[in-house]
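Worksheet: one structure, shown below.
Every number here is computed from the coordinates shown, using simple stated rules; none is lab data. Keep in mind that what you see is a predicted model, and the values were worked out from it rather than measured. Don't worry about glycine lacking a Cβ; one is built from the backbone with ideal geometry, like all the others, and counts go over all protein chains shown.
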Ligand code: FES
């Protein structure tokens, strides 16, 4: 049966393999900001500093594919820079449209170093 789901596919989503990768130091990302984390294989994630806690999600809005690292952060909620869909970066829940959640990734801080588990 033909699918009529027109949502874009995130071709830059990292493969989940349990690796813990080092992405930077805590002082590299100021509070209230997001950043794109580019991995060696060309995939990427969005990383956020929310009041000193770090969160990582896929860097892809399920609406039209905008990079969520460029979104506007309001506490733990990121608002997509293109059309304003909103996501909780802690849970991945889409607050705009049910069923459009994004993937989250575990962030580990060790001695001031930020690591993300793929
Ligand atoms: S691309 Fe994110 S809300 Fe449209």
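A few notes on this one:
- Qualifying residue in region 20-33 (condition: within 16 Å of the ligand (Cβ to nearest atom) and either within 15 Å of residue 110 (Cα to Cα) or in contact (Cβ under 8 Å) with a residue 40 or more places away in the chain (or both)): no
- Strands (runs of 3 or more DSSP E) within region 21-94 that include 3 or more residues over 17 Å from residue 113 (Cβ atoms): 33-38, 44-50, 72-74, 77-79, 86-88
- If you go through region 46-75 and pick out every residue that is touching a helix residue (DSSP H, G or I) at 6+ places or on another chain (Cβ under 9 Å) and more than 8 Å from the ligand (Cβ to nearest atom), you end up with 10.
- The listed residues are 78, 107, and the only one of them that is in contact (Cβ under 8 Å) with a residue 40 or more places away in the chain, within 12 Å of the ligand (Cβ to nearest atom), over 22 Å from residue 6 (Cα atoms) and within 12 Å of the chain's Cα centre (by Cα) turns out to be 78.
- Of the criteria (1) farther than 13 Å from residue 104 by Cα; (2) in contact (Cβ under 8 Å) with a residue 40 or more places away in the chain, which one residue 48 fails: (1)
- When region 81-104 is limited to residues that are away from the ligand (no atom under 16 Å from the Cβ) and surrounded by fewer than 16 Cβ atoms within 10 Å (Cβ to Cβ), the one that is farthest from residue 37 (Cα to Cα) turns out to be 91.
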